[in-house]
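I have placed the structure first, in the form of structure tokens, so that the comments after it can refer back to it.
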Amino acid sequence: MVEGHPVVVQRVVVAAWVEIATARLGGALRLSTALRSLLTDGRGVVVGVVADGPEGPLSISADAVVLATGGFGASRELLQRYVTPYADSLWARNSGFVTGDGLTAATAVGAAPSDGGFASFYGHCLPARPARFTREELLHLTQQYGPIGVALNVRGERYTDEGETRMEETMCVDTSRQPDARAFYVVDHRTYQDYLDPMGPFVSQGVDKIALASEAGGVVLVADDLGDLTDQMASLGVPAERARRTLETYNNAAAVGKAHCLDVPKSHFATPLSSSPYYAVMVQAGVTATYGGLKVNPNAQVIARTGYPIPGLYAAGIDVGNVNNRRYAGAWSLGLVFGRIAGQQAARRALASKRS
Ligand SMILES: Cc1cc2nc3c(=O)[nH]c(=O)nc-3n(C[C@H](O)[C@H](O)[C@H](O)COP(=O)(O)OP(=O)(O)OC[C@H]3O[C@@H](n4cnc5c(N)ncnc54)[C@H](O)[C@@H]3O)c2cc1C
């Protein structure tokens, strides 16, 4: 019920808005109709869209267009171009429909990409394949205890500051750039038990993520000592000796409070792996929402590569780029803030056009 509550609220709110926009104000809601491109007049003013509807392609004229297609978190091609060569291995931790259509359509009429954010995204690691799960199970299977563990790539090396953020999202971005977008999250028994305390400071605490990973068919290794754990990793292609040395180096530094001085530092939550049994969960990065997008001004107007706003074109939500960059400040907020502004601006423009 707690998990479902926000979804119920969202549906009720959206249904109310649709009712107001259509029945009361005379608007039209077109379902199963995908934006393909933007229509412009001879002066570069956006005057509508071309879309693919159930009956085929159609053109829709408009005084203003607001792009809110949710970024490109489900586009293998764009993720490969901007984020990681291992885009094919990423999990889509999103609806699967967010394929960068707003960005593509806008840049085709001269819009500027945001100044930053493209190399990063908001996401979390999930159990690596062969694990299988449904979209509804994504949230529970998210391996958010990562920051209190140690991450090794398949070369047996640490590659990320696990403690950079409490939310695990920066670990996930770094994991997306490791071979096959995979890694092992290693924890000891004490850390595992700590995470099962629902009152702790980490996201989703109290949920036994490791057991859920195992139930989903993921790879979960358990051993009484770190040597045995890394030997088990060898069967998955990890050089066992290097992995063991990496964990030893980490443990030695953490034991004297110097993990932040390692070549790959661990800046927070750096405790040695010291209580058996030890666990290693093979994870694979998952993309929820992208950070790169369109460049907008405070009026949510999309900016052209010339530096001027494109008349008639606005963006909201994840289509707005560079609000988040590497660290995550929120995703819904981009819809709430820019959606409100873009809606007001677009309505003002449409009213002005009717009056003139
Ligand atoms: C499990 C999970 C947990 C999350 N938790 C949080 C959280 O706690 N806090 C938070 O801030 N965010 C959270 N998020 C992220 C947040 O839900 C999304 O980033 C947010 O919904 C993005 O809003 P949006 O309106 O920009 O895009 P979306 O909500 O993705 O909406 C975009 C819409 O555009 C449609 N679309 C795409 N292409 C086209 C096209 N060509 N034509 C027409 N329509 C198109 C899509 O089908 C979709 O309906 C979470 C996401 C997930 C998956």
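A few notes on this one:
- Among (1) under 16 Å from the mean Cα position of the chain (by Cα); (2) hydroxyl-bearing (S, T, Y); (3) more than 14 Å from the ligand (Cβ to nearest atom), the one test that Y145 misses: (1)
- Of all residues making up the range 127-140, the number that are touching a Lys or Arg at 6+ places or on another chain (Cβ under 7 Å) and either within 16 Å of the ligand (Cβ to nearest atom) or free of Cβ contacts under 8 Å to residues at least 60 places away in the same chain (or both): 1
- Residues of the range 170-224 that turn out to be part of a loop (DSSP other than H, G, I, E, B), β-branched (V, I, T) and touching a strand residue (DSSP E or B) at 6+ places or on another chain (Cβ under 8 Å), as a count: 1
- So G116, is it within 30 Å of I341 (Cα to Cα), more than 9 Å from the ligand (Cβ to nearest atom) and surrounded by fewer than 20 Cβ atoms within 10 Å (Cβ to Cβ): yes
- Test for L336: is it of a type in the set (A, V, I, L, M) and more than 10 Å from the ligand (Cβ to nearest atom): no
- Residue list for the range 139-162, restricted to those being in contact with a strand residue (DSSP E or B) (Cβ under 8 Å, 6 or more places away or on another chain) and either more than 18 Å from V238 (Cβ to Cβ) or aromatic (F, W, Y) (or both): L141, T142, Q144, Y145, I148, Y159
- Checked against (1) surrounded by fewer than 17 Cβ atoms within 10 Å (Cβ to Cβ); (2) among the hydroxyl-bearing types (S, T, Y); (3) within 16 Å of the ligand (Cβ to nearest atom), T306 passes all but a single condition, namely (3).
- For the range 104-123, a residue qualifies if it is under 22 Å from R327 (Cβ atoms) and among the aliphatic types (A, V, I, L, M), and exactly one does: A119.
- Given (1) of a type in the set (S, T, N, Q); (2) out of contact with any Ser or Thr (no Cβ under 7 Å at 6 or more places or on another chain); (3) touching a residue at least 24 places away in the same chain (Cβ under 8 Å); (4) over 26 Å from L262 (Cα atoms), index of the condition S120 fails: (4)
Where a number appears in this text, it was derived from the coordinates with a stated rule and is not lab data. The structure displayed is predicted, hence computed values, not measured ones. All Cβ positions, even for glycine, are placed from backbone atoms using ideal geometry, and neighbour counts span all protein chains on display.
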